[in-house]
Each structure stands twice: as structure tokens, then as C-alpha cells.
Amino acid sequence: MSTNTTSIDVPTARAILANNRDTLIVDVRTPGEFETAHVPGSINLPLDQVDSNLDRIVQDAGGRILLMCQSGNRATQACTKLVKAGLTSTTVISGGMNAWITAGGPVERGRDRWSLERQVRLVAGSIVLISVVASIWWPPARFVAGFIGAGLVFAALTNTCGMGMMLSRLPYNRGAACDVSASLALMRREQTRG
């Protein structure tokens with residue numbers, strides 16, 4: 001079985017949604033990001049919940065699933081997992097919410113929060129800056145900056161982000177929007193409707 005992920009651009013995704021009732025957008029961002037802005041009718045199933053609910057997702061999914069995150073990276077990770085589990089009708093919306101908003105797609109907005117990618121840039125940049133400044137008085141502090149740099153290189157090469165995974169667990173990013181059981185129930189309802 002192929003584990004290659006497929007992706008489509010926003011205009012293609014919008015055309016699919018307009019012409020296929022059994023297509024569902026599953027947003028794998030954190031609940032906090034989802035609350036800030038999401039595609040109307042989409043459901044929230046954070047990436048960190050995919051593994052623990054993989055069997056239920058595969059069982060409950062009906063029709064085509066379009067995966068979305070902020071930029072496309074987390075959706076690609078989720079897609080790889082779902083395709084490996086046998087859910088081959090899963091596609092990534094390339095560029096994620098960034099591309100969706102840029103293309104003028106409809107968006108439901110809530111309380112404004114920083115995206116996870118922006119939070120990672122803030123935390124990583126702050127640690128590097130503080131480490132470099134601290135190294136003026138305590139030279140070994142420069143190794144902390146090097147460690148963060150190595151972590152960012154590793155994140156880029158593996159398309160994963162340990163810092164992002166840790167930040168996604170903060171209360172700020174959890175929000176109240178995601179009820180995994182309710183999201184899976186909506187997937188099941190879409191299957192019986194189509």
C-alpha cells in the first residue's frame with residue numbers, strides 16, 4: 001500500500017466541497033488555533049489525537065477527507081498516518097489556513113490566538129537571544145543557542161517539531177473547542193449522510 005500523501009490547492013478543495021456532499025474538512029491544528037479561525041463546517045481533530053484515535057477515525061470516516069492545518073505540515077503528518085492505516089481517500093489542502101485565507105475562502109472567526117508556528121518562532125528566538133546575551137557573562141550559555149539551532153535543523157529535516165508538540169499541550173492552545181468524540185461522531189454522520 002502506498003503511503004504517499006496527496007495534496008490539492010485551495011481552489012480545487014473549494015470545488016470539491018461545492019460538488020461533493022460527502023467531503024469533510026478535518027482541521028488538525030490545536031483547539032486554540034481552530035477557535036481563532038476555521039473553515040465553516042470543518043471539524044477539529046488535533047494532530048496529537050490522531051494516533052490514539054486512529055482505529056475510530058478509519059472506522060468512522062466516510063467519503064473523502066480533506067486535511068487542513070496552518071501551513072500544511074501537520075496535515076501532511078496526519079495524512080501519512082491515515083493513509084498507512086488504510087484511509088486512502090485522504091488529501092491535504094496545501095498551504096493550509098494560510099492559503100485558504102489568502103485565496104478568500106470563507107472563514108468562521110473567534111478569539112484571536114497566535115498560531116503554533118508563530119509560538120515556536122517566539123520561543124526558539126527568545127531562547128537563542130537570551131543564550132547569546134547570557135554568554136557574554138557565562139560563555140557556556142552559547143551551547144543552549146546551539147542546541148536550539150540543532151533542534152530547528154532536525155525539525156526541518158524530519159518535518160516534525162518537538163517544541164511545537166510541547167507548546168500544543170499548553171492550556172493556551174487547548175481551548176474548549178475540541179471534543180474528539182463529537183468530532184468522530186460528525187465523521188460518522190457524514191458517512192451515513194453521503
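The values are calculated or read from the model by the stated rules, or taken from the named source; none is laboratory data. For clarity, every value in this text was computed on a predicted model and none was experimentally measured. Note that we place each Cβ from the backbone using ideal geometry, even for glycine, and neighbour counts take in every protein chain shown. For the accessible areas, the whole protein counts, side chains as well, though only heavy atoms, and no ligand, DNA or RNA atoms are used. Shrake-Rupley method; radii C 1.70, N 1.55, O 1.52, S 1.80 Å.
A straight chain from ALA18 to ALA150 at 0.36 nm per residue would run longer than the Cα-Cα distance by 43.1 nm.
Using a 1.4 Å probe and counting only protein heavy atoms, arrange PHE154, PHE147, PHE34 so the residue with the most accessible area comes first.
Working: PHE154 125, PHE147 150, PHE34 20 Å².
Putting PHE154, PHE147, PHE34 in descending order of accessible area: PHE147, PHE154, PHE34.
Using a 1.4 Å probe on the protein chains only, how many percent of the accessible area of region 103-154 belongs to carbon and sulfur? Display every interim value, and only then the final one.
Numbers: 2640 of 3670 Å².
On region 103-154, the fraction of accessible area on carbon and sulfur atoms equals 72 percent.
Would you mind working out the accessible area per residue for region 12-133, using a 1.4 Å probe, and quoting it in Å²?
On the way: 5210 Å² over 122 residues.
Heavy-atom SASA per residue in region 12-133 reads 43 Å².
Using DSSP, restrict attention to beta bridges with both residues in the chain and report what percent are antiparallel, rounded to the nearest 5. About 15 percent, rounded to the nearest 5.
Near the amide H of ILE25, within less than 5 Å, lie the amide hydrogens of ILE43, LEU66, all on another chain or at least 5 residues away, with H placed in the peptide plane.
Quick check on region 2-83: take the gyration tensor over C-alpha atoms, sort the square-rooted eigenvalues as a ≥ b ≥ c, and tell me if it's rounded (a/c under 1.5), prolate or oblate. Don't skip to the end; give the middle numbers.
Numbers: a/c = 1.36, a/b = 1.11, b/c = 1.23.
It is rounded, given that a/c, with a ≥ b ≥ c, falls under 1.5.
Expressed in Å, the radius of gyration and Dmax of the Cα atoms of the chain are 18.3, 65. The peptide list 100-110, 133-143, put in order of mean Cβ contacts within 10 Å with the highest first, becomes 100-110, 133-143. The amide H of VAL92, built 1.01 Å from its N in the peptide plane, has THR6, SER7, ILE8, LEU67 as neighbours under 5 Å, considering only residues 5 or more places off or on other chains.
Would you compute the Debye intensity of region 92-157 from its alpha-carbon atoms alone, equal scatterers and no solvent, and pass along log10 I(q)/I(0) at q = 0.11, 0.25 Å⁻¹ to two decimals? One equal scatterer on each Cα of region 92-157 leads to -0.44, -1.06.
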